1. Give region 243-288 a look and list any residue that's part of a helix (DSSP H, G or I), at pLDDT below 90 and more than 16 Å from the chain's Cα centre (by Cα), or say none.
2. Of all residues being of a type in the set (Val, Ile, Thr) and open to solvent by 60 Å² or more (accessible area, probe 1.4 Å) in region 149-181, which is farthest from GLY112 (Cα to Cα)? Just the residue, please.
3. Could you grab me the full set of residues in region 165-214 that are part of a loop (DSSP other than H, G, I, E, B) and within 22 Å of the chain's Cα centre (by Cα)?
4. Suppose we filter region 265-283 for residues that are open to solvent by 10 Å² or more (accessible area, probe 1.4 Å) and on the phi < 0 side of the Ramachandran plot; how many remain?
5. Hey, ALA116 hits all of (1) more than 23 Å from GLY271 (Cα to Cα); (2) of a type in the set (A, V, I, L, M, F, W, C); (3) touching a residue at least 60 places away in the same chain (Cβ under 8 Å); (4) in a loop (DSSP other than H, G, I, E, B) but one; which does it fall short on?
6. Among (1) open to solvent by 40 Å² or more (accessible area, probe 1.4 Å); (2) under 21 Å from the mean Cα position of the chain (by Cα), where does VAL136 come up short?
Amino acid sequence: MSTPTKETSAPAAPPQPSAARRVLTGIGVQNSSLIITLIALVILLSVLNENFFRTNNLLLIGSAITIMGLLALVQTLVIILGALDISVGSMAGLASVISAMVFTSTGNAEVGILAAVGVGILCGLVNGLIIIFGRVNPVVATLAMLATYKGIAQVISDGKAQGYTGGDDLFIFLAKGAIAGLPSLVWVFLIVAALLHFLLKYTDIGRNVYAIGGNDTAARLAGININRYIIGVYALVGVVAAIAGVLITARTGSGQPTSGSEGLELQAVTGAALGGTMLKGGRGSIISTVLAVIILGVLDNGMSGLGINPFWQNVAHGALLVIAVVLQQLRSGERRVGLPE
């Protein structure tokens with residue numbers, strides 16, 4: 001006679017996350033907060049300024065953020081590595097002067113652009129070598145080189161705009177051309193952003209950059225050549241800064257030693273920090289920086305459209321940088337300086 005057995009029920013399946021939560025997880029908390037901020041800002045400005053949503057104005061925003069955006073993208077890369085580059089604006093100004101002067105002497109836009117990129121690479125290598133072999137803090141090293149590159153640009157240009165590129169087809173296309181309805185400037189920004197995103201997210205190089213910024217001692221013990229990465233990243237910064245300088249030349253029609261590049265250092269750091277890039281290194285995202293740059297561009301455009309003094313834009317950028325850093329510190333849970341535990 002068989003004995004009755006106790007029926008066992010199958011374990012309950014874990015609750016499935018809602019569609020909204022799955023979307024939020026896929027986008028990321030940082031990106032979601034930036035998107036919400038951007039939407040709120042756009043709604044506010046469209047209410048205050050009826051011309052905000054006009055196509056010409058939106059395209060203007062896209063073109064206006066390109067140069068600052070390019071520098072914010074590479075600043076993100078440097079900060080993830082655990083460093084900083086304060087000289088990006090001066091490198092862009094020097095590259096602008098070089099591109100115009102070489103173009104004027106050769107009559108060839110491509111040669112002028114290549115010369116600017118070569119100078120950018122050289123400047124980036126100098127920054128990296130000073131940091132490595134001089135054992136200088138990256139902030140101090142690049143702050144010194146900011147003054148150096150600016151001085152070189154002013155010396156070779158006598159402090160004046162150089163050349164005229166407004167009659168060259170390539171420079172005109174870079175400044176005023178469009179592909180599929182988007183300005184050429186925007187395409188340059190998007191292409192650089194896509195390449196850097198791919199580099200950081202899908203290559204061993206990107207994973208090593210995160211590892212160095214997160215814990216350089218562990219990265220060294222894992223066999224990563226940190227010096228090589230520092231030099232490589234700073235050289236890449238020089239390339240992108242040179243591209244930004246070429247775009248300054250294209251937009252203004254001449255090489256600008258300081259005009260157009262002044263203050264770009266603060267804007268680049270603000271864009272990276274506002275995008276959630278941890279200033280201590282090891283964490284950051286190109287996509288988040290792109291969203292932050294768009295927010296800054298929308299804010300600047302909105303303030304201009306409302307007739308607010310443009311000097312207040314610098315105040316706004318500085319305030320946003322402070323807010324971004326404070327939020328990073330609060331999220332990290334670190335003890336506040338000078339206060340008890």
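1. Within region 243-288, no residue meets the criteria.
2. If we take residues in region 149-181 being of a type in the set (Val, Ile, Thr) and open to solvent by 60 Å² or more (accessible area, probe 1.4 Å), then ILE179 is farthest from GLY112 (Cα to Cα).
3. Residue satisfying the conditions is THR203 alone.
4. Summing the residues that are open to solvent by 10 Å² or more (accessible area, probe 1.4 Å) and on the phi < 0 side of the Ramachandran plot in region 265-283 gives 9.
5. (4)
6. Of everything listed in (1) open to solvent by 40 Å² or more (accessible area, probe 1.4 Å); (2) under 21 Å from the mean Cα position of the chain (by Cα), VAL136 misses just condition (2).
Condition check ((1) open to solvent by 10 Å² or more (accessible area, probe 1.4 Å); (2) in contact with a Phe, Trp or Tyr (Cβ under 9 Å, 6 or more places away or on another chain)) across all residues:
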site: LEU59; (1), (2): yes, no
site: GLY82; (1), (2): yes, no
site: SER90; (1), (2): no, yes
site: GLY93; (1), (2): no, yes
site: PHE103; (1), (2): yes, yes
site: LEU114; (1), (2): yes, no
site: GLY120; (1), (2): no, no
site: ILE130; (1), (2): yes, no
site: VAL140; (1), (2): yes, no
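One line per residue, one yes/no per condition, for (1) at pLDDT below 90; (2) buried (at least 20 other Cβ atoms within 10 Å of the Cβ); (3) under 27 Å from LEU190 (Cβ atoms):
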| position | (1), (2), (3) |
| --- | --- |
| PRO11 | yes, no, no |
| ARG21 | yes, no, no |
| ILE27 | yes, no, yes |
| GLN30 | yes, no, yes |
| ILE79 | no, yes, yes |
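The values are calculated or read from the model by the stated rules, or taken from the named source; none is laboratory data. Not measured: the values here are computed from a predicted model. Because the Cβ atoms are built from the backbone with ideal geometry, glycine has one as well, and the counts that use them run over all protein chains shown. Surface accessibility is based on the protein's heavy atoms, side chains included, excluding ligands, DNA and RNA. Shrake-Rupley method; radii C 1.70, N 1.55, O 1.52, S 1.80 Å.
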